[in-house]
Amino acid sequence: MSVLANEARKCMRCITVPGWLLAGALLLGLAAPGARAAPTPAGTPKIETLVLRDAQQAIDVEDLAEVWIDTRGDATIEQVASRDGLARFQPAQPGTIHSLGPAAALWLRYRLVRGINERQDWLIEFPMPVLDRVTVYQAEGTRWRGETAGDTMAVERWPEAGRHPYFRLELPHGQAFDVFVRIRHVTSANFPVRLTTGFAHNQRIQLEYLGLGCTFGALLLLILACLAQSWVYRDSVYAWYALYALVTALAVAAYTGVTAHLLWPGFGILGDSPQSMLAFLAGASALLFVHNLVGIPARFHWLDRLIFGLGVAGLLLAVTPPFLPKMPGLMLLSGYMVASILIVVAVALAAWRRGDVVGLWVFAAYVPLTLSVAASIVRLFGWLPVSFGTQYAVVVAMAIEVPMLLVALSIRSRERHGAQIREQALSTQDALTGLLAPHLFNDRLRQVVARHKRDQDSAAIVFIDLVNHSRIKDYYGSAVAEQSLLRSVIKLRRLLRDVDTVSRIGEARFGVILEGVSSRTSVTDRAARLIAAGLMPLSGLKPDVTLQFHIAAVLLDERPMDAHELVDGLVSLMASMSPRTRRPIRFIAPENTHPSPLATDSSLLSAEDEQPARGKPPLAAVK
């Protein structure tokens, strides 16, 4: 029995060993799906596994990856995922800016695991709208599946359309999963990478588009308002400003990825060239607009021609980006933008220093834009990292610049319209006194005479001379003489109604049309008060100058005459008065009347006042 027992125990040991081996094989079989999802060859360096939990929502993983730069840019995913390929990866150094150039490619490796009880889907996104090309590889069985996006291809070919590339991750619950990223980008940059849940991603995208929508919506409303103002006021300057604002808005929209996502998602023939083309157009339009807005003095004619030439050159350079390699094209664009902005700022500063308030507004508008463009160019050369601030500073600067330029345009337009109004006023008003121009007074006089003949409407026509104007000018000078004319207008205005027509029809002669006046008493009362006001000394006036007036008048009810005959009669009546006459108020005699006999005190009158011109009928009658 003992022998049989020993043999039985030997047989059990023989059976037991394979059973444990079978159990181990079964455990390996259970783990096999994870190994097929992301095969990791034995002996490869271990990478830190990132555990994704719903409570985290978003994780910046730019510095949590393992990196390798493929200098030739021809490595395949199979080569990279092999044991030799994985051995090349090194932990990422925080803040590293990579200079890949046109050939090299940057590879990133992440090992991810999603908790068993986590419910959110996860995405990997690259918040960089100007990223040239990025491909994300995920294991699909024993093969690798790659998806590509970037601004060098049409957005509709991306796996997920948006302003910047992002990809959905297929993560099994509770199993480690390798994700490889291949990045191609010509200019120097760090490449922000973010792992985010679908909910957090959607919320962030909505907030970003809310901010961009408010900015571009306000700009669109401003553009439409400028077009309406240009049409209403027939002012082309506002139309040119609307065009400038539209080009600038499109350039910034292309830079932020809005145009590729929403305006032309299927257009990919030119790659990322539309960004550079619109940037050239924005720089050229800025030069041409400021050239028109800020006047350049005649002594700087060479600067005026330089600015105009650079603006035209920008329009021509806008067609070159599709035909140039990207890096030389960007260098050309950078140089043009720097030159354009510096010239605009210099011209605005020079205008401000010479007292032009428009130059101050233009200078204040372009300072934020100058800083944002400088930050973008510095980032282009790899001297600044890619961040939210460096990418969207140009949007903030544009939101500041465009309204401030509109203020400058409004000031300049008001000045130009004021000059036009003054120019028009010169043809309708006297430049010194602001009274009606002589030719308009004559037109008004003909209308009054015609209306009297047709409708028998009463009116009185009065000519007023400032008799001592020549003596004041000779003795005190032109300034005091002009002051005397202005004082005469002020005194005259106080005696007339708003509906009365008054004009300066000679150097020191005024013409007045009093419509509705049919009696000499009304005219004589105003004339006497005017003469008295002129002789009253003005308190505090230096020099103390009195004003002496002669007044000739005619009532259309008494003497209907043609307009030219009326003017000739009043001029002759004025010429018949001596400077020292005691009858400074005279009327043209009524029709079919004769001079009244002289009174006994007629000796007080001077001989010149009493004797009419030889061979002419007397025109004046004693009041």
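Read-outs throughout are calculated quantities, based only on the coordinates presented, and are distinct from any laboratory measurement. No experiment lies behind these values; they were computed from the predicted model shown. A quick note on method: Cβ atoms are made from the backbone with ideal geometry, for glycine too, and the neighbour counts reach across all protein chains shown.
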Exercise. Residue-wise, which Karplus ³J(HN,Hα) couplings in Hz belong to the stretch 365-377, taking 6.51 cos²θ - 1.76 cosθ + 1.60, θ = phi - 60°, and x for glycine or proline?
Worked result: 6, 8, 5, x, 5, 4, 5, 5, 5, 4, 5, 5, 5
Problem set entry | Amide N of the stretch 303-334 lying under 19 Å from the label point, which is placed 7 angstrom from the Cα of PHE381 along Cα→Cβ | 326-334
Seminar exercise, completed: Going fewest to most other Cβ atoms within 10 Å around each Cβ, LYS453, LYS491, LYS542 line up as LYS542, LYS453, LYS491
For this session: Using the Cα centre as the reference, give the magnitude of the dipole from point charges on the C-beta atoms of the stretch 235-426 (Lys, Arg: +1; Asp, Glu: -1; all else neutral), rounded to the nearest 20 debye.
Result: 300 debye
Exercise. In straight Cα distance, which aspartates and glutamates are under 18 Å from LYS453, not counting same-chain residues fewer than 8 positions off?
Worked result: ASP443, GLU515, ASP557, GLU558, ASP562, GLU565, GLU591
For this session: Return the whole-Å distance between the Cα centroid of the stretch 519-543 and the Cα centroid of the stretch 100-167.
Result: 93 Å
For this session: Take the alpha carbon gyration tensor of the stretch 288-399, find the square roots of its eigenvalues, order them as a ≥ b ≥ c, and report rounded if a/c is under 1.5; if not, report prolate when a/b exceeds b/c, else oblate.
Result: oblate
Seminar exercise, completed: The answer for the per residue Cα convex hull volume of the stretch 49-201, in Å³, is 111 Å³
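Which of LEU332, LEU100 comes first, and how do the rest follow, when ranked by fewest Cβ neighbours within 10 Å?
Ranked by crowding around the Cβ, least crowded first: LEU332, LEU100.
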Exercise. Can you put HIS469, HIS164, HIS98, HIS564 in order, fewest other beta carbons within 10 Å first?
Worked result: HIS564, HIS98, HIS469, HIS164
Seminar exercise, completed: So ALA87 and VAL480, fully extended at 0.36 nm per residue minus their Cα-Cα distance, gain in nm 131.6 nm
For this session: May I ask you to derive the relative contact order of the chain, considering only C-alpha pairs under 8 Å and at least 6 residues apart, and to give it as an integer percent?
Result: 9 percent
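As a test of the formula, what do you get for the chain when each DSSP H run with n ≥ 4 contributes -39,500 (n - 2.57) and the sum is divided by the residue count, at 222 nm and rounded to the nearest 500 deg cm²/dmol?
For the chain, the value works out to -17000 deg cm²/dmol.
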Exercise. In Å, the Kirkwood hydrodynamic radius of the stretch 235-426 over pairs of distinct alpha carbons?
Worked result: 17.6 Å
Exercise. Can you give the extra length, in nm with one decimal, that the chain gains between ASP562 and MET327 once fully stretched, where that is 0.36 nm per residue apart less the Cα-Cα distance?
Worked result: 76.2 nm
Seminar exercise, completed: Here the Cα Rg-to-2.2 N^0.38 Å ratio for the chain is 1.82
For this session: Mind jotting down the distance between the C-alpha centroids of the stretch 429-444 and the stretch 233-288, whole Å?
Result: 51 Å
